Amino acid sequence: MEKIGFVGVGRMGANMARRLKEQGYPIAAVYDVNTTAAQALAAELGAEAAAELKQVTRLSDVILTVVTDDKAMKGIYTGGLLQRSRGKLFINCATVSPAIHVWVEQKAEKTGAQSLEACMASSITQAREGTLYLMCGGREEAFDRARPILEKLSTSMRYIGPAGKAAQVKALVNMVMNINTAGLAEGLGLGAALGLDVALLREVFSQTGANSRVLQTDGEDMQNREHTCFFSAAHAAKDSGIALRMAREQGLILPLAVAAKKQYDKMVAQGLGELDKSGVAELTFKGRHSHPPPAAPGA
């Protein structure tokens, strides 16, 4: 089996590494700007906690990157990850701008390496269990090489097309999800203000045109003010911004996406950016916005 390296071992990256280790893949090296997290995971998986990015590339055949945003993505690829990378495969899993994936592919190919985007439409539990939904973009030969690894991480994956195309689809997925989440928070918030039984309201929503995947994942959490982070409000704001930049490039105006982004931006501004996206309900339920949500269990 090819030796695997990880750059970015936060909630998603660490659990993907654990999953691949359980499936028999040797985890050769891990790197994170949070050195404590990298060292702890390295000790757990029998890997090296790399002090420099170039060490990950040297020790690994395939490198999975799960970083925060465009700036972080550019930073790792200009910061040593491509040193002596001929023959290596880079699989990039973060939600970043489509243009960044195109840029990475160009940079990688100049060194004789391969690059593939494997955008994730799932969360922490799915990363740990190997049930991610993946949207892949890049050259087909890179996808074919990555397939055995990605099959251990997912129950479903789609090859979308050339570099950047999967990232476009992922941006749209998150844009619609964020709109749905903000809309659900408003519906439940108004219902609560009217004195309706919110649990009953959620049940009615589930049987009507108000039903959505977000209702299943976030509705009860909104009611109970349980916002343990699976997908942060800060990431929702970032990802909605990616979609809106795509819209501007196409000359489109998307008022619902704009309104949803403003809500997540407001959460960030109020120091609530690390709550789960379900925390947008804190802005819509009457009386909540002036009081911080209760701390998560164990916080």
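Worth a mention:
- Cross-link pairs exceeding 29 Å between alpha carbons, from the set 71/286; 107/262; 88/262; 88/261; 74/261: 71/286; 107/262; 88/262; 88/261.
- Kirkwood Rh (inverse of mean 1/r, distinct Cα pairs), segment 4-163, angstrom: 15.1
- Every helix of 4 or more DSSP H residues in the chain counts as -39500 (n - 2.57), and over all residues that averages to -16500 deg cm²/dmol at 222 nm.
- Degrees separating the helix 35-45 axis from the principal Cα axis of the chain, which is the longest one: 70
- Assigned charges on the beta-carbon of Lys, Arg, Asp, Glu; the chain dipole about Cα centre (debye): 700
- Here the chain carries DSSP beta bridges of which approximately 20% are antiparallel, counting only pairs with both residues inside.
- Ranked list, fewest to most other Cβ atoms within 10 Å of each Cβ, for 77, 264, 159: 159, 77, 264
- Whole-Hz couplings from phi, Karplus 6.51/-1.76/1.60, listed for segment 217-222; x for Gly and Pro: 8, 10, x, 5, 5, 4
- For segment 144-157, 3J(HN,Hα) per residue [Karplus equation, 6.51 cos²θ - 1.76 cosθ + 1.60, θ = phi - 60°, Hz, x = Gly/Pro]: 4, 5, 6, 3, x, 6, 5, 5, 7, 9, 9, 9, 7, 8
- For the chain, the alpha carbon convex hull comes to 135 Å³ per residue, rounded to a whole number.
- Dipole orientation for segment 4-163: of the candidates 159, 13, 102, 102 has the Cα lying most toward the positive pole (charges on Cβ; Lys, Arg +1; Asp, Glu -1).
- Dipole in debye (nearest 20) - segment 4-163, about Cα centre, beta carbon charges: Lys, Arg +1; Asp, Glu -1: 180
- Coarse-grained scattering of segment 165-299 at q = 0.14, 0.16 Å⁻¹, given as base-10 log I(q)/I(0) from a Debye sum over alpha-carbon atoms: -0.62, -0.79
- Taking the fewest neighbouring Cβ atoms within 10 Å as the starting point, the ordered list for 188, 196 is 196, 188.
Bear in mind these aren't lab numbers, they're just calculated from the coordinates by the rules spelled out. Since we're looking at a predicted model, the values are computed, not measured. Counting neighbours? That spans all protein chains shown, and the Cβs are built from the backbone with ideal geometry, glycine included.
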